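So the structure is just underneath, and the comments pick up after that.
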């Protein structure tokens, strides 16, 4: 083929719609390179969840195959360009949108979900969203993964951090189902290659699999594909038996507790009731594990506390579980001012998700795993920060998620995810639309979080009540001595005793520290 014909063919390929069916023929000579002069650049660099960070990379690689990822990584390493990876774009810090990042590998074209008969596991490409995974697994085989609530979250970042969601209390974390992972790594000589690591005991690459089952993303290489199979799957070759089967329906609910007429005593009772229920039902085999709820305690200016969740049990049983839960939370205090309950087909509920949309909002998030419900002192601190009159912050909340259940079954060292003894997951959240309001919102959330954990240096040091922080909700303040005065390093808060082992994996698989960010694993 002549040079002119070859150029024309490449132009057609660039303009073609990329689908799973034709992806193998998409740009066989390499990934699409998008530079700042390209009209697509603005979209590709504005996909972050936390919109107060803006990167300016020299190019964005759109990749369609593992080979193209290898090529993009190799090109960046040889050019000495710091690189980062984006799948769903839901990182809350500047791990991708950082001023020193010169190349971004965008995984969004890699969205295949299929069954790999040779490995007896479902294979999912890293650019797929949770919604796409739910749809394809359920419609194709009637199975699912216990992953997150938001259908637009990307698998590539969600799974390595130990993602959780509405089914986690019943089935565990999504990372507990990770059977194998394909990673593009760079050796000490600067050579990029793809490696597959599995949980098989005799796999020489097993430590690389272990690190990706809860150690966090962006640490060791570029995840391109993941294989999933239940930990207890038998030798049966039927794909329908390889992952959990959800119930036919899900009972979804939202409830509002109005601030109107709610004094501090009734507020404290509400929070205590919720926490005590979570403590009672934290066990791995608890019959209440089918119920999952997220309880957002809001600033008074927002008007009402909000709860959403779902119950995945048989009709009749699901409503009894919900009524018992709401009754326990409301005992001795206010009932919900509004309650909306719907029984939906399971997939409909999964694709609807939390109903949240990032849009143009700027977000800061802080997290903590709680072994026990909040203490009386912490509840008083929470009430004070939600009702402070010396700030006009509206979009500030503290969210308490029911946790535990099957999440607490594995040992803290079975995978890299060490938080296996919690009843609640707490999140402090600030969200604002006006960029000029950033300082006020950051001041509010930092003060609230610091005061909640004042007894342990402003952070949730693992101990009797708390159990560290969630790496999928990264917070660089934990590495800042102005906000972490505990003497406990951020590595311990996120990884606990697993950090040393993660450091050894880092030293072996990323000896040049190619894959790094503010909270990345440090080599042993």
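Just one residue in the set 117, 148 is within 29 Å of residue 239 (Cβ to Cβ) and surrounded by fewer than 20 Cβ atoms within 10 Å (Cβ to Cβ); that residue is 117. Of the residues making up the range 235-281, those that are more than 30 Å from residue 141 (Cβ to Cβ) and part of a strand (DSSP E or B) are 254, 255, 256, 257, 258.
Condition check for residue 170 on (1) touching a residue at least 40 places away in the same chain (Cβ under 8 Å); (2) out of contact with any strand residue (DSSP E or B) (no Cβ under 8 Å at 6 or more places or on another chain); (3) assigned to a loop (DSSP other than H, G, I, E, B): one failure, at (3).
Here the range 248-265 is the region considered, the condition is being out of contact with any helix residue (DSSP H, G or I) (no Cβ under 7 Å at 6 or more places or on another chain) and loosely packed, with under 14 Cβ neighbours inside 10 Å, and the residue that is nearest to residue 134 (Cα to Cα) is 258. Output yes when any residue across the range 101-113 is surrounded by fewer than 24 Cβ atoms within 10 Å (Cβ to Cβ), part of a loop (DSSP other than H, G, I, E, B), at positive phi and modelled with pLDDT of 95 or more, and no when none is. No - not one qualifying residue is present in the range 101-113. Taken over the range 498-524, the residue count meeting the criterion of being in a helix (DSSP H, G or I), more than 21 Å from the chain's Cα centre (by Cα) and over 11 Å from residue 221 (Cβ atoms) is 6. For residue 289, the criteria (1) in contact with a helix residue (DSSP H, G or I) (Cβ under 8 Å, 6 or more places away or on another chain); (2) surrounded by fewer than 19 Cβ atoms within 10 Å (Cβ to Cβ) hold in every case but one, which is (2).
Residue-by-condition table, conditions (1) outside the structural domain of residue 491 (by TED's automatic domain parsing); (2) under 28 Å from residue 470 (Cα atoms); (3) buried (at least 21 other Cβ atoms within 10 Å of the Cβ); (4) in contact (Cβ under 8 Å) with a residue 24 or more places away in the chain:
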position: 184; (1), (2), (3), (4): yes, yes, yes, yes
position: 187; (1), (2), (3), (4): yes, no, no, yes
position: 191; (1), (2), (3), (4): yes, no, no, yes
position: 206; (1), (2), (3), (4): yes, yes, no, no
position: 209; (1), (2), (3), (4): yes, yes, yes, yes
position: 241; (1), (2), (3), (4): yes, no, no, no
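Only one of the numbered conditions (1) surrounded by fewer than 21 Cβ atoms within 10 Å (Cβ to Cβ); (2) in contact (Cβ under 8 Å) with a residue 40 or more places away in the chain; (3) under 26 Å from residue 479 (Cβ atoms) is not met by residue 81, and that is (2).
Within the range 27-39, does at least one residue satisfy the condition of being outside the structural domain of residue 128 (by TED's automatic domain parsing), surrounded by fewer than 16 Cβ atoms within 10 Å (Cβ to Cβ) and modelled with pLDDT under 60? There is at least one residue in the range 27-39 that is outside the structural domain of residue 128 (by TED's automatic domain parsing), surrounded by fewer than 16 Cβ atoms within 10 Å (Cβ to Cβ) and modelled with pLDDT under 60.
Can residue 164 be described as modelled with pLDDT of 95 or more, part of a helix (DSSP H, G or I) and touching a helix residue (DSSP H, G or I) at 6+ places or on another chain (Cβ under 9 Å)?
no
Scanning the range 133-145 for residues that are more than 19 Å from residue 237 (Cα to Cα) and within 16 Å of the chain's Cα centre (by Cα), we see that the one that is surrounded by the fewest Cβ atoms within 10 Å (Cβ to Cβ) is 134.
Against the definition (surrounded by fewer than 20 Cβ atoms within 10 Å (Cβ to Cβ), out of contact with any helix residue (DSSP H, G or I) (no Cβ under 8 Å at 6 or more places or on another chain) and either part of a loop (DSSP other than H, G, I, E, B) or in the same structural domain as residue 118 (by TED's automatic domain parsing) (or both)), how does residue 315 come out, yes or no?
Values: surrounded by fewer than 20 Cβ atoms within 10 Å (Cβ to Cβ): yes; out of contact with any helix residue (DSSP H, G or I) (no Cβ under 8 Å at 6 or more places or on another chain): yes; either part of a loop (DSSP other than H, G, I, E, B) or in the same structural domain as residue 118 (by TED's automatic domain parsing) (or both): yes.
Judged against the criteria, residue 315 is a match.
The values are calculated or read from the model by the stated rules, or taken from the named source; none is laboratory data. Note that the structure is a prediction, hence the values are computed from the model and not measured. Glycine also receives a Cβ, built like all others from the backbone with ideal geometry; neighbour counts cover every protein chain displayed.
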